[in-house]
Amino acid sequence: MPRASSVDRVAIVGLGLIGSSIARAIGERLPEVAVVGHDASAEVRKVANELGLCDTIADDPVAAVANADLVILAVPVGRMADAAVAIAPGLKPEAIISDVGSSKAGVAEALAKALPDHAVIPAHPVAGTENSGPAAGFSTLFEGRWCIVTPGAGASEDAVTAVTSFWQALGAKVETMDAAHHDMVLAVTSHLPHLIAYTIVGTASELEEVTESEVIKYSAGGFRDFTRIAASDPVMWRDVFLANKGAVLATLQRFNEDLTVLQQAIRRGDADKLEDWFTRTRAIRRSIIEQGQDDAAPDFGRKH
């Protein structure tokens, strides 16, 4: 199994925001590493070629992974199994296969089933924007962000080291975590916020008392920020919610209970309850900024 220092050739299958950002980051930080890219969409491959994202853009997934030391599947989690089956004939025996999916337990199971004779080390770079496509990527996307690696029981230490070192080389901070625990954590920190965003934007657009033009015209900071993450790739998030259904539903149940508590406090005019809740949650927000995971600048650091 190749060690981190022997990852000389990387294949990226899927050239959207994350895949294209990986390609750009390798080009900037690991110029000695050869990068081959592939995407199922001919149009995406065409754009990737025009952008010069990789050393080579392969039209065929088997050709893309030939001789690759590390293969990264950057496709929606619902397509992960099909992507693994498609590349299997082209993999060399010692190749390491990883991914960037936002849910891990189901992905790990699917990849292990499709590629039983290969080292599979799932990973999740916790970074992204609401934009998608090969032109949306940028080389600094992973700098200072966490990448969670979720190796299964009995995973090769060399393969784990290779994947860990790769993400560190791209500027990420790496944490190793059990896949099921990852899925519960991300259900709280990522999946539920996106579900709420999609819901509140949909609710606002359907209110009979407010026309769509008024919703857009009078968007204040809160609604505007919700619309940002509600603009994320619908296919990707459809698959995430289905793949991480158990953790999302458990988290959603707890959220509904907390929302009921706040609803009752508002109905009863319980000012102390509301202030205590908001004070506690503001402290959490501040801790996110203190850990460097967001910008404390006015208006969330937006440039005007």
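Is it true that some residue in the stretch 170-193 is among the small types (Gly, Ala, Ser), assigned by TED's automatic domain parsing to the domain that holds GLU28, over 23 Å from TRP237 (Cβ atoms) and crowded, with 18+ Cβ neighbours inside 10 Å?
Yes - at least one qualifying residue is present in the stretch 170-193.
Can you report the number of residues in the stretch 252-304 which are closer than 24 Å to SER190 by Cα, part of a loop (DSSP other than H, G, I, E, B) and either modelled with pLDDT of 90 or more or touching a strand residue (DSSP E or B) at 6+ places or on another chain (Cβ under 9 Å) (or both)?
Number of matching residues: 1.
Take the stretch 145-158 and flag every residue that is touching a residue at least 12 places away in the same chain (Cβ under 8 Å) and out of contact with any Leu (no Cβ under 9 Å at 6 or more places or on another chain).
Hits for the stretch 145-158 are ARG145, TRP146, VAL149, THR150, PRO151, GLY152, ALA155, SER156, ASP158.
Determine whether the stretch 79-91 contains at least one residue that is in a loop (DSSP other than H, G, I, E, B), modelled with pLDDT of 95 or more, assigned by TED's automatic domain parsing to the domain that holds VAL149 and of a type outside the set (Phe, Trp, Tyr).
For the stretch 79-91, residues in a loop (DSSP other than H, G, I, E, B), modelled with pLDDT of 95 or more, assigned by TED's automatic domain parsing to the domain that holds VAL149 and of a type outside the set (Phe, Trp, Tyr): present.
So, in the stretch 244-280, how many residues would count as being under 26 Å from ALA180 (Cβ atoms) and either in contact with a Lys or Arg (Cβ under 9 Å, 6 or more places away or on another chain) or in the same structural domain as PRO76 (by TED's automatic domain parsing) (or both)?
Kept after step one, since they are under 26 Å from ALA180 (Cβ atoms), are these residues of the stretch 244-280: 244-259.
Pick out the ones that are also either in contact with a Lys or Arg (Cβ under 9 Å, 6 or more places away or on another chain) or in the same structural domain as PRO76 (by TED's automatic domain parsing) (or both) and you get 244.
Adding up the residues that qualify gives 1.
Residue by residue, here is whether (1) touching a Ser or Thr at 6+ places or on another chain (Cβ under 7 Å); (2) in contact (Cβ under 8 Å) with a residue 60 or more places away in the chain; (3) surrounded by 24 or more Cβ atoms within 10 Å (Cβ to Cβ) holds:
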site: SER6; (1), (2), (3): no, yes, no
site: LEU30; (1), (2), (3): no, yes, no
site: ALA66; (1), (2), (3): no, no, no
site: LEU70; (1), (2), (3): yes, yes, yes
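So if I check each of ASP55, ASP59, ASP69, ASP117, which one is more than 30 Å from PRO193 (Cβ to Cβ) and modelled with pLDDT under 95? Steps first, answer last, please.
On the way: ASP55 fails: modelled with pLDDT under 95; ASP59 fails: modelled with pLDDT under 95; ASP69 fails: modelled with pLDDT under 95.
Every option except ASP117 fails the conditions.
Residues are listed down the side, and each one gets a yes or a no for (1) touching a residue at least 40 places away in the same chain (Cβ under 8 Å); (2) out of contact with any helix residue (DSSP H, G or I) (no Cβ under 7 Å at 6 or more places or on another chain); (3) of a type outside the set (Lys, Arg); (4) assigned to a loop (DSSP other than H, G, I, E, B):
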| residue | (1), (2), (3), (4) |
| --- | --- |
| ASP117 | no, yes, yes, yes |
| ALA162 | yes, no, yes, no |
| PHE166 | yes, no, yes, no |
| HIS181 | no, yes, yes, no |
| TYR198 | no, no, yes, no |
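Tally the residues that are assigned to a strand (DSSP E or B), modelled with pLDDT under 95 and crowded, with 19+ Cβ neighbours inside 10 Å, restricting the search to the stretch 120-156. Even if it seems obvious, please write down each step before you answer.
Narrowing the stretch 120-156 to residues assigned to a strand (DSSP E or B): 120, 123-125, 146-149.
Now narrow it down to the ones that are modelled with pLDDT under 95: 146.
This time we only want the ones that are crowded, with 19+ Cβ neighbours inside 10 Å, so: none.
Of the residues in that region, 0 qualify.
Say we look at the stretch 217-251 and pick out the residues that are at pLDDT below 85 and among the hydroxyl-bearing types (Ser, Thr, Tyr); which of these is surrounded by the most Cβ atoms within 10 Å (Cβ to Cβ)?
Result: SER232.
Filter the stretch 92-115 down to the residues that are over 18 Å from ILE22 (Cβ atoms) and part of a helix (DSSP H, G or I) and list them by number.
The answer is ALA105, GLY106, ALA108, GLU109, ALA110, ALA112, LYS113, ALA114.
Given the structure, is LYS46 modelled with pLDDT of 95 or more, assigned by TED's automatic domain parsing to the domain that holds ALA136, part of a loop (DSSP other than H, G, I, E, B) and not aliphatic (A, V, I, L, M)? So that I can check it myself, show each step before the final result.
Details: modelled with pLDDT of 95 or more: yes; assigned by TED's automatic domain parsing to the domain that holds ALA136: yes; part of a loop (DSSP other than H, G, I, E, B): no; not aliphatic (A, V, I, L, M): yes.
No.
The values are calculated or read from the model by the stated rules, or taken from the named source; none is laboratory data. No experiment lies behind these values; they were computed from the predicted model shown. No Cβ is skipped: glycine too gets one built from the backbone with ideal geometry, and neighbour counts run over all protein chains shown.
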